[in-house]
1. With the structure loaded, tell me whether Phe103 is assigned to a loop (DSSP other than H, G, I, E, B), assigned by TED's automatic domain parsing to the domain that holds Thr27, crowded, with 17+ Cβ neighbours inside 10 Å and of a type in the set (Phe, Trp, Tyr) or whether it fails that test.
2. Identify, please: which residue in segment 148-168 is within 16 Å of the ligand (Cβ to nearest atom) and out of contact with any helix residue (DSSP H, G or I) (no Cβ under 9 Å at 6 or more places or on another chain) and is, among those, least open to solvent (accessible area, probe 1.4 Å)?
3. Assess whether Leu196 counts as being hydrophobic (A, V, I, L, M, F, W, C), surrounded by 15 or more Cβ atoms within 10 Å (Cβ to Cβ), out of contact with any Leu (no Cβ under 8 Å at 6 or more places or on another chain) and not assigned by TED's automatic domain parsing to the domain that holds Asp137.
4. Out of curiosity, is Ile145 surrounded by 20 or more Cβ atoms within 10 Å (Cβ to Cβ) and touching a residue at least 40 places away in the same chain (Cβ under 8 Å)?
5. State yes or no: is Glu124 under 30 Å from Pro20 (Cα atoms), surrounded by 13 or more Cβ atoms within 10 Å (Cβ to Cβ) and more than 16 Å from the chain's Cα centre (by Cα)?
6. Could you please let me know if Gly118 is over 29 Å from Glu171 (Cα atoms), modelled with pLDDT under 95 and not in a helix (DSSP H, G or I)?
7. How about segment 18-97: which strands (runs of 3 or more DSSP E) wholly inside it have at least 2 residues that are within 19 Å of the chain's Cα centre (by Cα), within 16 Å of the ligand (Cβ to nearest atom) and free of Cβ contacts under 8 Å to residues at least 40 places away in the same chain?
Amino acid sequence: MDNFNSETIYSLPRIGDRAPQFEATTTQGTIKLEDYKGSWLILFSHPADFTPVCTTEFVAFQSIYPQLRELNTELLGLSVDSLPAHFAWVRNIQEKQNIKIEFPIIADLNKDVATKYGMIHPGESSTETNRAVFVIDNKQMIRAIIYYPLTTGRNMDEILRLVKALQTTDEHKVSTPAGWTPGDKVVVPPPTSQQLAEERVADKDLEVVDWYFAKKELVGTKE
Ligand code: BEZ
């Protein structure tokens, strides 16, 4: 563990916050957060180029990129490595594994974006970004945040599931239960009055566990 000053305040954006704006140097030119308005965005950080777990993650992120794009969702990577390091690493992945990384990667050498998004957790490393994932919606609001430590690679199925769950919530005004995947029943919002609670219990179109907990099928949702 690195030494760090526990008095220092580190910015940690929260779910429901407007995503902090930035303009960054990337492997695909200068990119601003506002360029993504109208699309969903997964902004993710990795500790360092040319490291094994990060390499497995990049291959895995690339493998879900087409599915994410079908969900109107873009990918944007970040580390505090330089642009030449990103170019060399992406080239190496293509040479050794025949995988072309198609999404842009921020070269956040001065840690501007990493600091705004609280991607450096000094108790773990004061020099590298951890494995952060920010799901930013089409209105540029932060909808979900995942932090993983340096030593644990992320699960792409969960990231895809999370985007689908959030978009299902927006489209149908429902919640999604533990382990939900598209096709499973969704949770309907709880009743807001005693009268509605009584009606809820008698609702034959729902799978009612009790007045506060009912599920329903969604027809015609994207898998
Ligand atoms: C890795 O990607 O393998 C890695 C990076 C930083 C710390 C530990 C592992």
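The values are calculated or read from the model by the stated rules, or taken from the named source; none is laboratory data. Bear in mind the structure is a predicted one, so any value in this text is a computation, not a measurement. Heads up, the Cβs are rebuilt from the backbone with ideal geometry, glycines too, and the neighbour counts pull from every protein chain shown. Protein only, heavy atoms only, side chains kept; ligands, DNA and RNA dropped before computing areas. Shrake-Rupley method; radii C 1.70, N 1.55, O 1.52, S 1.80 Å.
1. For Phe103, the condition - assigned to a loop (DSSP other than H, G, I, E, B), assigned by TED's automatic domain parsing to the domain that holds Thr27, crowded, with 17+ Cβ neighbours inside 10 Å and of a type in the set (Phe, Trp, Tyr) - is met.
2. Step one: of segment 148-168, the residues within 16 Å of the ligand (Cβ to nearest atom) are 148-156.
Checking the rest, the ones that are also out of contact with any helix residue (DSSP H, G or I) (no Cβ under 9 Å at 6 or more places or on another chain) come to 148-149.
Working: Tyr148: 78, Pro149: 52 Å².
Here the answer is Pro149.
3. Judged against the criteria, Leu196 is not a match.
4. For Ile145, the condition - surrounded by 20 or more Cβ atoms within 10 Å (Cβ to Cβ) and touching a residue at least 40 places away in the same chain (Cβ under 8 Å) - is not met.
5. Values: under 30 Å from Pro20 (Cα atoms): yes; surrounded by 13 or more Cβ atoms within 10 Å (Cβ to Cβ): yes; more than 16 Å from the chain's Cα centre (by Cα): yes.
Considered against the rule, which asks whether it is under 30 Å from Pro20 (Cα atoms), surrounded by 13 or more Cβ atoms within 10 Å (Cβ to Cβ) and more than 16 Å from the chain's Cα centre (by Cα), Glu124 comes out as yes.
6. no
7. Of the strands (runs of 3 or more DSSP E) lying wholly inside segment 18-97, none has at least 2 residues that are within 19 Å of the chain's Cα centre (by Cα), within 16 Å of the ligand (Cβ to nearest atom) and free of Cβ contacts under 8 Å to residues at least 40 places away in the same chain.
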